[in-house]
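Where a number appears in this text, it was derived from the coordinates with a stated rule and is not lab data. These figures come from a predicted structure and were not determined experimentally. So basically every Cβ, Gly included, is an ideal-geometry build from the backbone, and we count neighbours across all protein chains shown.
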Amino acid sequence: MDVERRPASADWHAMPADQALECLEARPEGLTEAEAEARLARFGPNALPRARPRPAWRRLLAQFANVLMLILVAAAGGSLLLGETLDATAILLVVGVIAMIGFLQEGRAEQALARIRDMLAPRAQVLRDGRRREIAAEALVPGDIVLLEGGDRVPADLRLLEARRLRHQEATLTGESLPVDKASDPVAADVALGDRSAMAYAGTLVVQGSARGLVVATGAATELGRISELLGGVEKLRTPLLRQLDRAGRVLATIILACAVVTALVGIGIHASPWPQMFMAAVGLAVAAIPEGMPAIVTIGLALGVQAMARCHAIIRRLPAVETLGAVSTIFSDKTGTLTRNEMTARTIWLPEGEVLLDGTGFAPEGELHRVEGDAPRREALILDDHPALCHFLEVGILCNDAELAREDDTWRIHGDPTEGALVVAAAKAGLSASAIRGDHDRHDAIPFASEHQYMATLHTLDDEPMLLVKGAPDRLLAICDRMRTAQGEDELDRGLWEARLHALSSRGLRVLALAEKPHPARSPLDEADLEEGLVLLGLVGLLDPPREEAIVAVAECRAAGIRPIMVTGDHGVTARAIAEQLGFERTGRVLDGPALEAMSDAALADAVLEVDVFARAAPEHKLRLVKALQSHGEICAMTGDGVNDGPALKRADVGVAMGRQGTAAAREAAEMVLADDNFATIVAAIREGRKVYDNIRKTITFLLPTNGAQGLAIMLAVLSGSLLPVTPLQALWVNMVVAVTLGLALAFEAGEHDLMRRPPRRPEAALLDLFLLWRVVFVSALLLLATYGVFSWLHNAQGAPIAVARAGAVNMLVAGCAAYLINSRFLTRSALSRQGLFGSRPVWVAIGLAVAIQLAWTYVPVLQRLFGAAGLAPSHWAAILATAAVLMLVVEAEKALLRRRG
């Protein structure tokens, strides 16, 4: 195929469908795999050029874009002007190290987000070798035949070959906010882009209907590629938590600067100290009190949480969801595929003549059919030729159906909806071939399934008579059927009998579908009005989708964590209740269905949502009302969804959760989180991870601030009292770097505490540092101050040690005290005095080991001694430092015990 033979893209909409196929050397049944591979090599992948990543130098400069880092840079500049080259160099060196940590971590975060975008790469349903297949959208090539359904995002520019009630949202290209109708008929060559009804353009959204389209352009050659210079970009890492930290940083900077100025003025005014000396003391106070590494460490904690969630199949699309997950108090969940396995299996068929049971589970077409006589099935297998009504029922189930059964890698798979697939598998168990039956009975028209009317309808010719075949919700079809098909012909419909049969099937936990038919004028276009009356009921089929074992465990974990699971399903109320009871839902005595929801006022619904855990026959618009009703009580809710109509509810929910396998592109784009495995247990795992991340961030901040507080107070106290500084500004900066780079990182890797999922959800308005944690920061700051000053005074005054030795002792005391407090910080209130508490975290002891090695080098290596004004310590000095650190840890544990008794 020569590229030159392809007409300009502006001509496709004006070209008849047959000519477009001929021009691209394509066929209605699709390309072969060999042809597709050759074209992929020629035209390249169907992808827009990736956005250029932010240059490294911009990422590096961004690390200095906070007031605390700027204060340090200014302090280094002032020190340099006063001739304190060593101090200035050290400050800039440490600032550079901290900036480099943030720089490298942000690079890792951008790479992680890029990997997440790859995990969310769109998929496309295509015809290859005459069979329906799902492939990555990037593998599409010109000439492919793509199948579209409501909720899909169009993966490439398509010339429509067939369109059934197709409507598209094209705002991404035309700016038109309302959906537009599509058709397969060509239009004039000179019409505007928004009027090219025969085209479906890449990036637009299928709002309604279904279609087949010929790929005419991919990647940069699409209309979207022509008007877009960049696709997306790197998601910014500024979350509400980090903004809260930025505000706290500005407040902290103001306080630190005020203390530094006051300290310098007191030293100059009261103690007559030289102003250069007091300037350096003020610099030292600022350097000591500023937690330089905190923003980088918090970002690392968030990024680790996102990556851990991705490993658990929960893909976070918007980082604020990491924080919000920890506060979720209610989960609205779909049933099929999320709480259940989504392996629909037809277990029973109820015809006017009686019930038929089917053996086997899953998608493998293995099993026999048995007649039920009395209360038990017959032992011998049913012979289909002896039961024409059953044969007709199974054929209708195949024809009014878009799913296909395929064997791939020794595994039977369903391409399409699993519920429809169950009907194809049931027919295969009876020896019927879906491809043969569909080949003998062409489809003339169809009304795709939509939640508004709860049925699917197709038009075929059966026995030389055009027939309208319908498959859908049984209560919907029973309402519009007036007769039923028996072995002897049509008979009056006994609605009471069929409603009892429906109730019996639903009470077994089965999802029930009804099949019906009626004659229809030959090849006449279908309309919803054709289904308002006159349908003939063929029977019911009960489908089993068993609860996931892990979902049962997850529901129990939710209830223990104060999180309320609520089922919102389109199934019959009795079926929904049966599954909810198997899953362990709490309030299953009352079930509200769609009509009841519509009849309720918003105020009544707000009351009912507190008492009902199962909502059946619910449409997507009902989900939005349920979210609003629950949020009116101040609850934080997650909502699952997979369809295009779920978008408003997903956006309104505090955490929208889209299905990664069965969900539409529209649902994924509206959600904050995507489930790669469509599993309810994954939502609970993500909430557990979100709670752990928030917990660890609080622990990290509570650990870091006392180090800075103790150093700042020590310098301030020394200046105000006119005594010697226990640590110099340069030494304080060293301690900050050691603590941030080693000890401070350890808590980000901390496993969740044992009661993490037995606590009530966190209130979203709760302060990051509440009064309890502020008390802990002040309390430990005072302990570290006393320990540091105590060791310094003991060495210098009692032992008569030189000032270098005394300061070396103070610095090592500060680091040792921080290491001891790190063990305390593993648990905010629970005791750390146990085998698990002391030795249960490898990252903590790796960090302590690194800190010990660094401090030994700092204390004994001559170059570092000269650089930082340190000196070697004797074994007795180390013994006193370690004993004091142990006492400090015990005092904090005693404070925890006192709080536990009071709390």
### Task
Using a Förster distance of 41 angstrom, determine the FRET efficiency expected from the C-beta separation of T32 and A556, and round it to 0.05.
0.20
#### Entry: Amide proton proximity set for E355, modelled H, under 5 Å, gap of 5+
V372
### Task
Work from the charge dipole of the stretch 345-544 (Cβ charges, +1 for Lys and Arg, -1 for Asp and Glu, about the Cα centre) and give the residue of Q488, L544, A500 farthest towards its positive end.
L544
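Let me spell out the model: positive unit charges on the Cβ of Lys and Arg, negative unit charges on the Cβ of Asp and Glu, origin at the Cα centre of the stretch 477-580. What dipole size does that give, in debye rounded to 20?
Working: 12 positive and 17 negative charges, 104 e Å.
So the dipole magnitude of the stretch 477-580 works out to roughly 500 debye.
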#### Entry: Cα-based Lys proximity count in the chain, under 24 Å, for pairs eight or more positions apart or on separate chains
12
### Query
What is the chain by shape, rounded, prolate or oblate, if you read a ≥ b ≥ c off the alpha carbon gyration tensor as root eigenvalues and call it rounded for a/c under 1.5, prolate for a/b larger than b/c, and oblate otherwise?
prolate
### Query
Between Q836 and S507, what length in nm is gained on full extension when 0.36 nm per residue of separation is reduced by their alpha carbon distance?
113.6 nm
### Query
What order, most packed first, do the peptides 793-800, 635-642, 179-186, 398-405 have when packing is the mean number of other Cβ atoms within 10 Å of each residue?
635-642, 398-405, 179-186, 793-800
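With +1 on each Lys and Arg Cβ and -1 on each Asp and Glu Cβ, and nothing else charged, work out how big the dipole of the chain is about its Cα centre, in Debye to the nearest 20. Mind showing how you got there, number by number?
On the way: 90 positive and 106 negative charges, 1235 e Å.
The calculation lands at about 5940 debye.
How would you classify the stretch 379-423 from its alpha-carbon gyration tensor, with a ≥ b ≥ c the square roots of the eigenvalues: rounded for a/c under 1.5, else prolate if a/b is greater than b/c, otherwise oblate?
Details: a/c = 3.21, a/b = 1.56, b/c = 2.06.
The shape class here is oblate.
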## Note on the structure
Residue-normalised 222 nm signal for the chain, counting each DSSP H run of n ≥ 4 as -39,500 (n - 2.57), nearest 500 deg cm²/dmol, is -15000 deg cm²/dmol
## Note on the structure
Amide H contacts under 5 Å for D571, restricted to residues at least 5 apart in sequence or on another chain and with H modeled in the peptide plane, are R617, A618
### Task
Putting +1 on Lys and Arg Cβ atoms and -1 on Asp and Glu Cβ atoms, find which of G337, F393, L369 reaches farthest to the positive end of the dipole of the stretch 313-427.
G337
### Query
Taking the highest mean first, how do the peptides 570-580, 424-434 order by number of other beta carbon atoms within 10 angstrom per residue?
570-580, 424-434
### Message
Can you give me the distance in nm between label points at I383 and S793, each placed 7 Å from the Cα along the Cα-to-Cβ direction?
### Response
10.5 nm
### Message
Apply the Karplus curve 6.51 cos²θ - 1.76 cosθ + 1.60, θ = phi - 60°, to the phi angles in the stretch 688-704 and return the couplings in whole Hz, x for Gly and Pro.
### Response
4, 5, x, 5, 5, 4, 5, 4, 5, 5, 4, 4, 5, 5, 5, 6, 6
### Mean separation of Cα contacts under 8 Å, 6 or more apart, over the residue count of the chain: relative contact order %
12 percent
### Query
Roughly how many nanometres apart are two label points built 7 Å out from the Cα toward the Cβ at L462 and A603?
5.1 nm
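Tell me the relative contact order for the stretch 345-544 as a rounded percent, counting alpha carbon contacts under 8 Å between residues six or more apart.
Values: 397 pairs, mean separation 44.8, N = 200.
About 22 percent, as a whole number.
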#### Entry: Antiparallel bridges, percent of DSSP beta bridges restricted to the chain (to nearest 5)
75 percent
### Query
Around T348, which amide H atoms from residues at least 5 apart in sequence, or from another chain, sit under 5 Å from its own amide H, with H modelled in the peptide plane?
L358, G542
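For the stretch 529-640, what does the alpha-carbon gyration tensor say about shape, rounded, prolate or oblate, given a ≥ b ≥ c as the root eigenvalues, a/c under 1.5 as rounded, and a/b over b/c as prolate?
oblate
Hey, can you rank 493-506, 332-345 by average C-beta count inside 10 Å, highest first? Show your work: numbers first, answer last.
On the way: 493-506: 16.4, 332-345: 23.6.
Sorting 493-506, 332-345 by mean packing, highest first, produces 332-345, 493-506.
Can you tell me the FRET efficiency between A886 and T85 if r is taken as the Cβ-Cβ distance and R0 is 45 Å, rounded to the nearest 0.05? Each step should come with its number before you reach the end.
Details: r = 39 Å, r/R0 = 0.88.
Efficiency computed from Cβ-Cβ geometry: 0.70.
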### Additional length obtainable on full extension of the chain from R42 to A782, 0.36 nm per residue less Cα span
259.3 nm
### Task
Rounded to the nearest 0.05, what FRET efficiency do L771 and A874 give with R0 = 45 Å and r taken as the Cβ-Cβ distance? Could you check?
0.60
### Spin-label pair E25/L850, simplified geometry with 7 Å Cα→Cβ offset, distance in nm
5.9 nm
### Task
Work out how much length T486 to E134 would gain on full extension: take 0.36 nm times their residue separation and subtract the Cα-Cα distance, in nm to one decimal.
122.8 nm
